[in-house]
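The values are calculated or read from the model by the stated rules, or taken from the named source; none is laboratory data. Model, not experiment: these values are computed from the prediction. Glycine gets a Cβ as well: all are built from the backbone with ideal geometry, and neighbour counts include every protein chain shown. Each accessible area value is taken on the protein alone, full model and side chains, heavy atoms only, with ligands, DNA and RNA left out. Shrake-Rupley method; radii C 1.70, N 1.55, O 1.52, S 1.80 Å.
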Amino acid sequence: MTKKPRYRLSRREFVNSVLVFLGSLMGGVIGLPVIGYVISPALKRQRSDEWVSLGPLESYPLDEPTPFTFTRTKVYGWERTTNSYVVYVLRRVGEQVIAMSNVCTHLGCRVKWREDLQQFACPCHDGFFDIEGNVISGPPPRPLDRYETKIEDGILFIHFVGG
Amino acid sequence: MGERVLAWLDERLGLTTIYSVVLDRKVPKVNWWYTLGSATLFVLLLQFLTGILLTVYYVPSPDHAYDSIQYIMNDVAFGWLIRGIHHWGASVMVVLVVLHMLRTFYLGAYKYPRELTWITGVLLLLATLGMGFTGYLLPWNQRAYWATTVGTSIAGTVPVVGPFILRVLRGGTELSAVTLTRFFAVHVWVLPALILLLVGVHLYLVIRIGISSIPTEED
């Protein structure tokens with residue numbers, strides 16, 4: 001029977017492993033919270049889900065996209081920020097109505113109704129949409145986003161969901 | 001594969017040489033008081049890291065300085081920890097730096113040929129105190145405001161040029177938004193750059209000359 005030689009940890013190896021252990025511990029204690037610290041605001045969501053009144057449907061002209069502006073205030077970090085939103089309302093005969101966001105579906109610039117062209121034009125990359133928001137030309141990947149609408153007692157509402 | 005990459009880099013960068021020169025230095029048999037410099041360096045790096053992280057949310061403006069710190073403390077994940085480390089680390093820095101200086105003084109380590117190490121060390125001590133002074137104003141609370149009012153007033157008691165120094169420090173006759181931004185600039189850009197430079201020289205000298213042994217009876 002040969003006795004297996006007992007492994008002896010040298011002083012240097014001991015110091016090295018203690019260093020690695022303590023170093024990883026300290027790195028972890030400081031490093032992991034840093035990740036949370038940097039990304040935590042990105043994980044906070046302020047959802048909004050409400051019906052916004054756009055006034056009497058009658059006040060919107062027929063077959064002509066008309067902008068309606070409303071503002072909503074949110075708290076971002078240490079500051080209250082008021083954002084304004086524009087909805088283009090296209091009223092058709094009867095109670096047919098289309099409410100479109102003015103945010104270009106390409107990269108988020110704001111589109112404008114051009115009466116001379118009878119098109120929505122995006123100034124950033126020459127995106128064009130027709131009167132109902134369908135893409136005519138340019139880089140936008142999909143039609144303008146539409147809001148869900150409802151009419152109560154002749155008042156037009158849009159379903160504003162954000163966050 | 002990993003070893004080959006390391007060897008490739010080593011041949012070009014001289015990593016093993018740097019390692020042996022920096023970490024395998026011959027040192028005399030000394031005691032725990034000789035670790036204060038490394039301890040200071042460790043806390044300094046912590047201050048740099050946490051300070052950089054604080055600037056992610058902190059705003060050096062009277063409108064938002066206090067609120068942005070409330071946000072860090074209450075809403076940001078581990079914000080209390082990052083700011084806490086920076087807050088307490090500042091005091092620890094001053095304590096360590098002073099102890100380090102006392103050790104160097106009492107054990108005669110400032111003598112030939114280490115005068116420049118001592119001089120850069122004194123400048124680093126002053127820079128550390130400057131960091132403490134400028135950082136104290138940044139929370140923009142009552143304590144910060146009045147401490148800086150008093151501190152700058154003390155500078156104003158210098159004969160002849162005192163009032164001028166006072167106005168330069170405050171960026172005007174009163175403590176204001178201008179004071180806050182200039183203290184921020186000094187705290188975040190000027191002094192850190194100076195400290196990095198001086199620490200570089202200080203460490204170079206420590207490595208080049210080596211550390212002194214504990215004086216014996218004959219010394």
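Things worth noting here:
- Filter result (more than 14 Å from chain B (Cβ to nearest Cβ), farther than 15 Å from A:Val52 by Cα and open to solvent by less than 70 Å² (accessible area, probe 1.4 Å)) within the stretch A:77-96: A:Leu90, A:Arg91, A:Arg92, A:Gly94
- Conditions (1) open to solvent by 80 Å² or more (accessible area, probe 1.4 Å); (2) away from chain B (no Cβ under 14 Å): number failed by A:Ser53: (1)
- Qualifying residue in the stretch A:62-71 (condition: over 20 Å from A:Leu156 (Cα atoms), at pLDDT below 95 and in the same structural domain as A:Arg142 (by TED's automatic domain parsing)): no
- Filter result for the condition that a residue is away from chain B (no Cβ under 14 Å) and loosely packed, with under 12 Cβ neighbours inside 10 Å, over A:Thr66, A:Thr73: A:Thr73
- Scanning the stretch B:22-81 for residues that are away from chain A (no Cβ under 11 Å), of a type in the set (S, T, N, Q) and surrounded by 15 or more Cβ atoms within 10 Å (Cβ to Cβ) yields a total of 2.
- Tally, over the stretch A:128-159, of residues that are part of a strand (DSSP E or B), buried (at least 18 other Cβ atoms within 10 Å of the Cβ) and not β-branched (Val, Ile, Thr): 4
- Answer from A:His125, A:His106 - the residue that is surrounded by 13 or more Cβ atoms within 10 Å (Cβ to Cβ) and in a loop (DSSP other than H, G, I, E, B): A:His106
- Scanning the stretch A:36-50 for residues that are in a helix (DSSP H, G or I), touching a Phe, Trp or Tyr at 6+ places or on another chain (Cβ under 9 Å) and either more than 8 Å from chain B (Cβ to nearest Cβ) or open to solvent by 90 Å² or more (accessible area, probe 1.4 Å) (or both) yields nothing.
- Elements of type helices (runs of 4 or more DSSP H) contained in the stretch B:14-82, each with 2 or more residues being modelled with pLDDT of 95 or more: B:36-54, B:65-74
- Sole exception among (1) within 12 Å of chain A (Cβ to nearest Cβ); (2) of a type in the set (A, V, I, L, M, F, W, C); (3) exposed (fewer than 15 other Cβ atoms within 10 Å of the Cβ) for B:Trp88, by number: (1)
- Selection count, the stretch B:99-123, where residues are surrounded by 15 or more Cβ atoms within 10 Å (Cβ to Cβ) and free of Cβ contacts under 8 Å to residues at least 40 places away in the same chain: 5
- From A:Gly133, A:Gly77, A:Gly127, residue being under 30 Å from B:Asp75 (Cα atoms), within 22 Å of the chain's Cα centre (by Cα) and not hydroxyl-bearing (Ser, Thr, Tyr): A:Gly77
- Residue in the stretch A:94-106 that is more than 21 Å from A:Glu64 (Cβ to Cβ) and touching a Leu at 6+ places or on another chain (Cβ under 7 Å) present: yes
- Answer from B:Leu126, B:Leu169, B:Leu180 - the residue that is assigned to a helix (DSSP H, G or I) and surrounded by fewer than 16 Cβ atoms within 10 Å (Cβ to Cβ): B:Leu126
- All conditions but one from (1) touching a Phe, Trp or Tyr at 6+ places or on another chain (Cβ under 6 Å); (2) more than 14 Å from every other protein chain (Cβ to nearest Cβ); (3) touching a residue at least 60 places away in the same chain (Cβ under 8 Å) apply to B:Leu138; the one that does not is (1).
- The single residue among A:Arg92, A:Arg72, A:Arg45 that is under 30 Å from B:Leu49 (Cβ atoms) and not hydrophobic (A, V, I, L, M, F, W, C) turns out to be A:Arg45.
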